[in-house]
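Structure, as structure tokens:
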Amino acid sequence: MIFLFTDFGAADLYVGQVKGVLAERAPGIPVIDLLHEAPAFNVKASAHLLAALAERLPRGSVVFAVVDPGVGGKRDAVVVRSDGRYFVGPDNGLLSVAAARAERRTVWSITWRPRTLARSFHGRDLFAPIAAAIARGDFPEARLKRKPRLAASFGADDLAEVIYVDHYGNAATGLRASGVSRRARLVVKGTWIAHARVFSEAPQGEVFWYENSIGLVEIAANSVSAAAKLGLRVGQRLAVETA
Amino acid sequence: MIFLFTDFGAADLYVGQVKGVLAERAPGIPVIDLLHEAPAFNVKASAHLLAALAERLPRGSVVFAVVDPGVGGKRDAVVVRSDGRYFVGPDNGLLSVAAARAERRTVWSITWRPRTLARSFHGRDLFAPIAAAIARGDFPEARLKRKPRLAASFGADDLAEVIYVDHYGNAATGLRASGVSRRARLVVKGTWIAHARVFSEAPQGEVFWYENSIGLVEIAANSVSAAAKLGLRVGQRLAVETA
Amino acid sequence: MIFLFTDFGAADLYVGQVKGVLAERAPGIPVIDLLHEAPAFNVKASAHLLAALAERLPRGSVVFAVVDPGVGGKRDAVVVRSDGRYFVGPDNGLLSVAAARAERRTVWSITWRPRTLARSFHGRDLFAPIAAAIARGDFPEARLKRKPRLAASFGADDLAEVIYVDHYGNAATGLRASGVSRRARLVVKGTWIAHARVFSEAPQGEVFWYENSIGLVEIAANSVSAAAKLGLRVGQRLAVETA
């Protein structure tokens with residue numbers, strides 16, 4: 001299975017071109033849109049979101065992960081195998097949080113270059129063919145070269161920031177809920193936010209935090225947009241106050 | 001075939017997680033996005049829209065239908081077979097209009113609970129595995145229990161309200177066009193709206209109603225947004241005046 | 001493979017209905033969303049965008065192309081085979097740029113009408129069944145009639161206008177970059193725009209033009225939205241000044 005995680009825009013004309021390449025080169029392999037609205041100019045937030053999502057994907061999955069503001073510049077193109085999942089994307093930190101948290105990881109530089117390579121769209125021309133080859137079980141050894149580690153890494157630690165705001169207005173953070181006591185409160189923009197187990201537990205309109213479906217601390221509100229109410233955006237910093 | 005009808009957002013990160021589960025558990029079964037922008041906090045409008053869409057789906061289809069503001073609360077999780085189509089979703093009224101209009105229906109409560117069940121995402125953890133099992137022809141009897149009827153039902157009647165506004169600005173209502181005379185006029189917010197057969201029949205900018213492609217009365221305007229022009233939103237009530 | 005190019009809206013309820021028909025009638029054939037946000041009321045811009053995208057699709061592909069503001073009116077419904085690719089859509093100019101640029105083309109009128117044909121949704125009821133038949137290798141001769149040429153054509157020439165604005169705010173034009181000197185400057189709304197090879201070559205915030213990933217001249221800016229900065233929309237005219 002190939003999962004796509006990008007900032008290409010769900011409604012834009014880039015994803016279809018990538019899927020055309022995958023369908024040609026890895027026929028019959030399911031391709032699943034994980035997210036195409038990853039924070040475009042915040043690779044660190046995207047890296048934390050990717051790590052949380054990827055942890056739940058089947059072993060053997062191929063994750064095409066491209067948030068790549070530096071496309072056409074000097075960053076390397078890489079394949080990372082971590083805990084049995086393959087990631088294909090730029091070496092700009094995007095894959096680094098998932099890699100740093102894995103028990104085992106192997107990193108390859110993509111040395112191959114296609115005959116036609118659009119400077120602004122390595123996703124279609126470079127990463128998609130490599131992802132397709134891996135997904136169809138044809139690991140492209142000859143197009144790769146082992147390297148000791150990723151050049152850009154954000155490390156394994158949590159990130160005390162908003163990393164994603166969904167269409168309901170819930171704001172996911174880079175904090176893993178497993179490490180945060182249910183009695184702890186978040187402090188964001190001067191507001192104290194307590195824990196609630198489920199939406200229906202909180203009075204209507206009240207802001208609370210809970211463990212979201214990918215294991216992260218998320219700020220939400222019952223029936224209203226927490227992000228609008230508190231003015232939250234990706235990159236907003238926050239603190240955890242333990243009781 | 002599995003059809004998805006949700007309020008998860010077409011561009012958000014929820015649909016992909018559901019599709020990951022379906023691809024793993026029902027490999028080779030086509031999964032089709034019917035709509036992911038169903039009216040999020042208006043289950044009744046969503047129920048009417050689902051009923052109109054579902055009527056046109058092939059018999060044997062599985063419809064994963066989740067608009068579920070009460071997720072994590074006390075509402076039941078159900079499977080409904082109506083006229084040969086299977087619906088999987090919450091027992092909050094969402095499936096009830098389609099069920100009430102069917103000639104035959106059978107209702108099951110989903111008694112099974114997965115080992116890991118995110119309180120905020122039954123779609124991925126509970127409904128998707130059940131939908132996958134049905135779609136691959138492996139009806140999960142042991143995980144279900146017959147119940148006499150849905151607990152929450154809006155009934156079979158039409159709904160004289162706007163139930164959906166599309167990206168062109170056309171406003172679909174919960175009125176089935178088969179029951180409305182072409183000579184009738186709609187009255188909405190003090191405006192009288194006459195019938196036109198096709199867009200090109202109405203003068204540019206003029207608001208009219210017509211039978212849309214899923215059999216509903218829809219308010220539209222030639223080359224402009226009827227919803228913007230009249231200030232229409234989901235839930236707006238209207239009346240039918242017969243000549 | 002079937003590629004979809006429409007103005008149906010990526011988040012709206014139309015694409016899923018088309019895919020339902022394709023999945024039923026062309027089972028196992030991959031269906032890929034190329035774009036569903038084609039400029040809705042600008043068939044000419046859409047035609048130029050389609051031509052640029054289609055050139056890169058595999059031979060043998062079927063392109064379901066529907067931007068059809070005159071649906072239900074008098075325009076013909078057609079199939080065009082050009083350079084080994086099949087296009088199915090309205091004869092309103094949409095397919096004409098791709099056709100005019102092809103070395104060989106054959107045009108058929110779709111004479112068949114389905115039993116149920118929604119006046120506002122030929123995409124689902126008329127074009128999808130024809131596209132499905134072609135894609136499964138069952139060319140529907142009996143439902144078609146050769147015609148000498150398309151009734152509506154914009155010709156093969158470039159279009160000196162903005163034809164698409166993507167979600168990053170980059171504005172693609174109908175000019176093919178292969179015909180424009182890298183020393184040429186664009187003039188748009190009184191602003192002179194020079195060429196840059198890659199984004200990172202331009203100072204942050206500066207507007208430049210470059211060859212985009214489908215071979216078109218595109219106006220962009222490093223880290224900001226060029227469209228917002230210059231107030232660009234689809235249809236904006238521009239000129240090329242050669243040094």
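The values are calculated or read from the model by the stated rules, or taken from the named source; none is laboratory data. On a predicted model such as this, the values are computed, not experimentally measured, just so you know. No Cβ is skipped: glycine too gets one built from the backbone with ideal geometry, and neighbour counts run over all protein chains shown.
Does segment B:188-208 include one or more residues that are over 24 Å from the mean Cα position of the chain (by Cα) and in contact (Cβ under 8 Å) with a residue 40 or more places away in the chain?
Yes, segment B:188-208 contains at least one residue that is over 24 Å from the mean Cα position of the chain (by Cα) and in contact (Cβ under 8 Å) with a residue 40 or more places away in the chain.
Among the strands (runs of 3 or more DSSP E) lying completely within segment C:137-243, list those that include at least 1 residues that are aromatic (Phe, Trp, Tyr) and at negative phi. Please lay out each step first, then the result.
On the way: elements: C:144-147, C:159-165, C:171-176, C:185-188, C:191-193, C:207-211, C:216-221, C:239-241.
Those strands (runs of 3 or more DSSP E) span C:159-165, C:191-193, C:207-211.
For segment A:133-159, enumerate the residues that are within 26 Å of A:Lys44 (Cα to Cα), crowded, with 16+ Cβ neighbours inside 10 Å and either touching a Leu at 6+ places or on another chain (Cβ under 6 Å) or without any contact (Cβ under 8 Å) to a residue 40 or more places away in the chain (or both).
Within segment A:133-159, A:Asp158 is the sole residue that qualifies.
Pairs needed: first member in segment B:3-21, within 14 Å of chain C (Cβ to nearest Cβ); second member anywhere, β-branched (Val, Ile, Thr) and assigned to a helix (DSSP H, G or I); C-beta distance under 6 Å; at least 6 residues apart or different chains.
Going by the 6 Å Cβ cut-off, the qualifying pairs are B:Phe8/B:Val15.
Looking only at segment C:9-28, how many residues end up being more than 19 Å from the chain's Cα centre (by Cα) and of a type outside the set (D, E, K, R)?
Total satisfying the criteria: 10.
Name every residue in segment A:56-73 that is farther than 17 Å from A:Phe121 by Cβ and either buried (at least 24 other Cβ atoms within 10 Å of the Cβ) or out of contact with any strand residue (DSSP E or B) (no Cβ under 9 Å at 6 or more places or on another chain) (or both), in order of residue number.
Residues of segment A:56-73 that are farther than 17 Å from A:Phe121 by Cβ, as a first pass: A:56-63.
Passing the criteria: A:Arg56, A:Val62, A:Val63.
Here are the criteria: (1) free of Cβ contacts under 8 Å to residues at least 40 places away in the same chain; (2) among the basic types (Lys, Arg); (3) under 24 Å from B:Leu34 (Cα atoms). Tell me which single one B:Arg182 does not satisfy.
(3)
Please give the number of the condition B:Tyr210 fails out of (1) aromatic (Phe, Trp, Tyr); (2) under 17 Å from B:Ala51 (Cα atoms); (3) within 14 Å of chain C (Cβ to nearest Cβ).
(2)
Being farther than 24 Å from A:Pro39 by Cα, at pLDDT below 95 and exposed (fewer than 15 other Cβ atoms within 10 Å of the Cβ) is true for just one of C:Ala196, C:Ala243. Which residue is that?
Working: C:Ala196 fails: exposed (fewer than 15 other Cβ atoms within 10 Å of the Cβ).
Checking each option against the conditions leaves just C:Ala243.
Test A:Glu218 against the criterion of being under 20 Å from the mean Cα position of the chain (by Cα) and either facing another protein chain (nearest Cβ under 8 Å) or of a type outside the set (Ser, Thr, Tyr) (or both), and give yes or no.
Values: under 20 Å from the mean Cα position of the chain (by Cα): yes; either facing another protein chain (nearest Cβ under 8 Å) or of a type outside the set (Ser, Thr, Tyr) (or both): yes.
So A:Glu218 passes the test.
If only one of A:Ala40, A:Ala47, A:Ala54 is of a type in the set (Gly, Ala, Ser) and modelled with pLDDT under 95, which one is it? Reasoning before the result, please.
Details: A:Ala47 fails: modelled with pLDDT under 95; A:Ala54 fails: modelled with pLDDT under 95.
None of the others qualify; the one that does is A:Ala40.
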